[in-house]
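Accompanying notes for the structure given below.
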Amino acid sequence: MTEDRPLKGKVALVAGASSGIGAGIARTLAAAGASVALVARRERELAAVEREVAAHEVPVIALTADLAAEDAPQDAVTAAERALGPVDILVNNAALARTGPIHDTRPRHWRQAFRLNLDVPFLLIRAVLPGMRARGHGWIVNISSEGSLLQADWSAPYSITKRALNALTAQVDIENRHLGVRAVAVLPGWVRTDLAQDPEEFGVDVDRLLDPSDVADVVLWAVTLPPRVGVGPLIPVRPVSRNAQTAVNWEQYLRSVRHYDTVGGHMLDATGMPE
Ligand SMILES: NC(=O)c1ccc[n+]([C@@H]2O[C@H](COP(=O)([O-])OP(=O)(O)OC[C@H]3O[C@@H](n4cnc5c(N)ncnc54)[C@H](OP(=O)(O)O)[C@@H]3O)[C@@H](O)[C@H]2O)c1
């Protein structure tokens with residue numbers, strides 16, 4: 001391990017790596033020397049991130065896949081490990097930001113959110129854990145949300161899946177940390193990405209939001225801690241400028257994301273349903 005490339009020789013798999021926070025994490029881990037497997041559905045965006053990662057002169061593979069599909073999580077791990085070697089750092093970042101009131105939430109949309117935001121992390125974790133346990137080291141990094149800590153109307157099923165993801169993280173951590181396999185959930189406040197559309201429209205100054213690289217820096221900090229150190233497992237990361245991350249902004253955030261479905265970037269109607 002060298003100081004400027006602390007992750008040299010490590011393999012990271014980033015689920016949801018084609019934009020926003022996931023792309024930022026992939027770039028940061030690559031800059032620290034990790035080989036990176038990128039997974040997402042949008043081929044062109046993924047290829048652009050692949051080029052940025054490759055510029056750090058680390059091995060990289062881009063896997064175009066809908067992780068919500070039946071065998072996709074296991075297939076992604078198999079392909080990543082075949083190309084790069086055993087996964088040392090799994091980053092569960094892909095998520096569907098579907099929000100709305102319970103009485104207007106269709107069962108199909110509830111299931112989609114649980115599939116991508118909870119089942120997929122579970123399946124990816126399950127695919128990498130036996131190897132990590134056997135090798136005696138590994139990191140599971142789940143990207144949750146500060147919204148998982150707040151009770152707000154219009155926030156389900158997103159906030160419920162993220163709360164469950166926090167619980168999954170704590171469970172994985174307690175079951176595996178004595179073997180050298182640690183788990184953290186990083187809980188960002190509002191980050192400047194495509195997830196929340198047009199913050200200005202909702203009276204939010206984008207310059208006061210977090211940048212994806214801020215979240216990526218926290219992930220890098222965690223995964224480069226010495227083996228004797230446990231953190232979290234929940235790590236909130238908030239913008240702290242004067243008018244950021246107030247209750248009002250959480251409401252604004254919900255209003256901003258509820259019209260947008262990250263699956264294919266479809267705009268939703270006023271009740272959170274695809275138009
Ligand atoms: N932005 C915020 O303010 C904020 C705050 C708290 C937490 N978060 C969390 O941060 C994470 C990343 O969000 P973001 O803000 O960076 O939004 P984003 O730019 O929309 O990123 C979402 C990523 O997930 C991928 N993805 C979505 N559905 C997928 C699927 N079915 N299969 C494979 N990949 C899929 C997307 O790629 P494709 O579309 O190419 O598949 C994209 O790479 C999410 O877990 C979100 O809940 C964000």
Checklist entry - Which FRET efficiency value, to the nearest 0.05, do you get for ALA54 and HIS137 by plugging their Cβ-Cβ distance into 1/(1 + (r/R0)^6) with R0 = 25 Å? => result 0.45
Item to check | Calculated FRET efficiency for the pair THR64/ARG177, C-beta based, R₀ 45 Å, to 0.05 | outcome: 0.85
Next on the checklist: Per-residue counts of other Cβ atoms within 10 Å, averaged by peptide: what ranking do you get for 175-181, 63-69, 227-233, 30-36, highest first?
Outcome noted: 30-36, 63-69, 175-181, 227-233
Item to check | For ILE160, ILE140, order by how many other beta-carbon atoms lie within 10 Å, fewest first | outcome: ILE160, ILE140
Item to check | Whole-Å distance, taken between Cα centres, linking the stretch 166-185 and the stretch 86-147 | outcome: 14 Å
Next on the checklist: Spelling out what I want: for every residue of the stretch 73-78, take phi, set θ = phi - 60°, compute 6.51 cos²θ - 1.76 cosθ + 1.60 (Karplus), and round to whole Hz; glycine and proline get x.
Outcome noted: x, 5, 4, 5, 5, 4
Checklist outcome for this item: Out of ALA76, ALA17, THR99 - ranked by how far each Cα lies towards the positive end of the dipole of the stretch 1-111, with unit charges on the beta-carbon of charged residues - the top one is THR99
Next on the checklist: At 0.36 nm per residue, and after removing the present C-alpha to C-alpha distance, how many nm does the segment from ARG126 to ARG228 gain when stretched out fully?
Outcome noted: 34.4 nm
Checklist entry - Classify the stretch 91-217: rounded, prolate or oblate, from the alpha-carbon gyration tensor (a ≥ b ≥ c, eigenvalue square roots; a/c under 1.5 rounded; otherwise prolate if a/b is larger than b/c)? => result oblate
Checklist entry - Zone of ARG111 (label point 7 Å along Cα→Cβ, backbone N under 14 Å): which residues in the stretch 68-92? => result 69-70
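FYI, it's all coordinate maths here, none of it is from the lab. Since this is a predicted model, take the numbers as computed values, not measurements. With ideal geometry, Cβ positions are generated from the backbone for all residues, glycine too; neighbour counts draw on all protein chains shown.
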